[in-house]
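Participant: Okay, here's the structure, questions in a sec.
Where a number appears in this text, it was derived from the coordinates with a stated rule and is not lab data. Predicted model only: the values in this text are computed from it and were never measured. Here the Cβ positions follow ideal geometry from the backbone for every residue, glycine too, while neighbour counts run over all protein chains shown.
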């Protein structure tokens, strides 16, 4: 979140990662927070996922379409609106409150299976870390 607040206004449309501009990459990364709200307390039709490693294996083996991932990132970037930093801060605050009020064993129904919140959170942390590093490198900002 701190990194997003440091993005200069004239840098939101510069190339970042693959087909994404900075705003698209931030949008994609913000999905790490959005999916917590979207999946929390739900079951999926898929198998039980035991931990973060099993989650990433399931995602990798799912045959996810890279073009679809890119499209969702672009759409998520558009959803950030005209003040992306404020949007991300509010989203982070809401997600933190939601996680803080939830039990570790609350189910999280992902498209690849169901896991506990305690096992899902590390997958979101990983996504946010990797893409924060991508943003920092793209914008020559210090790593958070």
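Participant: Here are some residues: 71, 124. Which one is under 19 Å from residue 18 (Cα atoms) and surrounded by 13 or more Cβ atoms within 10 Å (Cβ to Cβ)? Give the derivation first.
Facilitator: Details: 124 fails: under 19 Å from residue 18 (Cα atoms).
From the options 71, 124, the qualifying one is 71.
Participant: Can you tell which of 52, 32 is over 13 Å from the mean Cα position of the chain (by Cα), surrounded by 13 or more Cβ atoms within 10 Å (Cβ to Cβ) and touching a residue at least 12 places away in the same chain (Cβ under 8 Å)? Steps first, please.
Facilitator: Values: 32 fails: over 13 Å from the mean Cα position of the chain (by Cα).
Sole residue among the options that is over 13 Å from the mean Cα position of the chain (by Cα), surrounded by 13 or more Cβ atoms within 10 Å (Cβ to Cβ) and touching a residue at least 12 places away in the same chain (Cβ under 8 Å): 52.
Participant: Does any residue of region 95-107 turn out to be closer than 20 Å to residue 56 by Cβ, loosely packed, with under 13 Cβ neighbours inside 10 Å and over 14 Å from the mean Cα position of the chain (by Cα)?
Facilitator: yes
Participant: Still on this structure: Is there a residue being surrounded by fewer than 22 Cβ atoms within 10 Å (Cβ to Cβ), in contact (Cβ under 8 Å) with a residue 60 or more places away in the chain, part of a helix (DSSP H, G or I) and over 12 Å from the mean Cα position of the chain (by Cα) anywhere in region 12-22?
Facilitator: No.
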